[in-house]
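Asker: For reference, the structure I am asking about is given below.
The values are calculated or read from the model by the stated rules, or taken from the named source; none is laboratory data. Since the structure is predicted, the reported quantities are computational estimates derived from the model, not experimental observations. In this analysis, Cβ positions are derived from the backbone assuming ideal geometry, glycine residues included, and neighbour counts consider all displayed protein chains. Calculation scope for accessible area: heavy atoms of the full protein, side chains included, ligands and nucleic acids excluded. Shrake-Rupley method; radii C 1.70, N 1.55, O 1.52, S 1.80 Å.
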Amino acid sequence: MGVEDGFRGNKLALASIGFAQVRAGVFKDDGLLGVGLPKDGYLDGDVAVRLSPPDVGAAVRTLLRRREIAEFVSGAMAGAMTKAVLAPLETIRTRMVVGVGSKQIFGSFMEIMEHNGWQGLWAGNTINMIRIIPTQAIELDTFECVKWSMTSAQERWKEDSSPKIQLGGLTIELPLHLLSPIAVGGAAAGIVSTLVCHPLEVLKDRLIVNREAYPSSIALAFNKIYRTEGVGGLYTGLCPTPVGILPYSTCYYFMYETIKTSYCRAHEKKSLSHPELLIIGALSSLTASTISFPLEVARKRLMVGALRGRCPPNMAAALAEVVKEGGLKGLFRGWAASSLKVMPTSGVTWVFYEACKDILLAHT
């Protein structure tokens, strides 16, 4: 590629394409790159093609205005900001649920302060942040996408007919129009986020429960689990996880959307204030957590059982072990600490999520 006296009308050769006896050139004006091109074979006056750098900011803004992207980003931001503030409650809750140290909230707090100081309250918080950002983003985005997809599908089924399955000469119409899109979305959100982010949950729990056995470095802890237990160690407790997550996630999202919709209709409001979102989110998580808490206790026992040298073989064995140690009350050991943690966490998460989503989707 070469230019011979381009500004004096001689030949301009560009690769295998040439323009003879033309005025051509390259110039820069106001930070933009311009290239002189021939007009009708000969350049009587410069016809410039002005090239400018791509507007990355505009491209990002356009991308964030897509509903699914906005919901994903809003979920990630809400999860990160919430966990940064409420990490100490998560630490105390995890210790009480798995049976480490004091059975009282204040006693557990004092033990952490005595052995690890203030930093102990944020033990495992780095992995917690790494875990919660993708988990919350995937969970909320999945919920919204499945809910809207299910709603659209049910509208089509009302006009046509529900899906059918053929069993020999028998045709069965599936009553999928009777399913709640919110409940289906909540169940899908819990399952998808759990399957994707379960290894990070295992790392977080082990860093909190036994800092001596597992180095504070996430990479070293990950390598130690992988070397001693293999890939299966990173998915310890995965089998019972859906059993614990399904009722919680389904109930949680169903309660939130139902209370929110009913409240808006009763007060003729299109949107809720931050205090209202905080209260509705907290009530939803309290109800869901209470219903599914025994299964959560058993799931946590399975996930950290290897640390105690006696890991229950299955969910039923874990529940039996809890009952044997503490009776029926043992199934709700740590419930107060859990409620103290999940209620503000849920409320604050919904406040941040709805606020971020409103900002990102304001001009759509």
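Asker: Assuming 0.36 nm per residue, please report the length gained on full extension of the stretch Trp157 to Ile130 beyond their Cα-Cα distance.
Answerer: Contour length minus the Cα-Cα distance gives 5.7 nm.
Asker: Accessible area of Glu201, 1.4 Å probe, to the nearest 10 Å²?
Answerer: Rounded to the nearest 10, that gives 20 Å².
Asker: Once you place label points 7 Å from the Cα toward the Cβ at Lys164 and His267, how far apart are they in nm?
Answerer: Label-label distance for Lys164 and His267, simple model: 4.8 nm.
Asker: Can you list the HN-Hα couplings for segment 288-295, worked out from phi with the Karplus curve (6.51, -1.76, 1.60; θ = phi - 60°), rounded to whole Hz and with x for Gly and Pro?
Answerer: My calculation for segment 288-295 gives 5, 5, 5, 5, 9, 4, x, 5 Hz in order.
Asker: Something else now. Label points 7 Å out from Cα along the Cβ direction at Val56 and Trp118: separation in nm?
Answerer: 3.7 nm
Asker: Longer than 31 Å from Cα to Cα, which of Lys260/Lys324; Lys270/Lys341; Lys329/Lys357; Lys224/Lys300; Lys204/Lys329; Lys204/Lys357 are they? Say none if no pair is.
Answerer: The answer is Lys260/Lys324; Lys329/Lys357.
Asker: A further question on this structure: Tabulate in residue order the Karplus-calculated ³J(HN,Hα) for segment 152-158, using 6.51 cos²θ - 1.76 cosθ + 1.60 with θ = phi - 60°, rounded to whole Hz; enter x for Gly and Pro.
Answerer: Couplings: 5, 5, 5, 5, 5, 5, 5 Hz.
Asker: Using a cut-off of 27 Å between alpha-carbon atoms, which lysines can reach Lys164, once sequence neighbours fewer than 8 places away in the same chain are excluded?
Answerer: Within reach: Lys147.
Asker: Between segment 218-262 and segment 121-178, how far is it from one alpha carbon centroid to the other, in angstrom?
Answerer: Going from one Cα centre to the other spans 17 Å.
Asker: I'd like the FRET efficiency for Lys324 and Tyr226, computed as 1/(1 + (r/R0)^6) with the beta carbon distance as r and R0 of 35 Å, rounded to 0.05. Mind showing how you got there, number by number?
Answerer: Details: r = 33 Å, r/R0 = 0.93.
Given R0 = 35 Å and the Cβ-Cβ separation, E is 0.60.
Asker: For the ranges 130-142, 322-334, 163-175, what's the packing order if you count other beta-carbon atoms within 10 Å of each residue, average per peptide, and put the highest first?
Answerer: Numbers: 130-142: 22.2, 322-334: 15.1, 163-175: 9.0.
Ranking the peptides 130-142, 322-334, 163-175 by packing returns 130-142, 322-334, 163-175.
Asker: Can you tell me which of 70-78, 101-109 comes out highest on packing, and rank the rest after it, using the mean Cβ neighbours within 10 Å?
Answerer: 70-78, 101-109
Asker: Taking θ as phi - 60°, what are the ³J(HN,Hα) couplings along segment 256-268 by the Karplus curve (6.51, -1.76, 1.60), each to the nearest whole Hz, with x for Gly and Pro?
Answerer: So the Karplus estimates, Gly and Pro as x, are 4, 5, 5, 5, 4, 5, 5, 5, 5, 5, 5, 9, 6 Hz.
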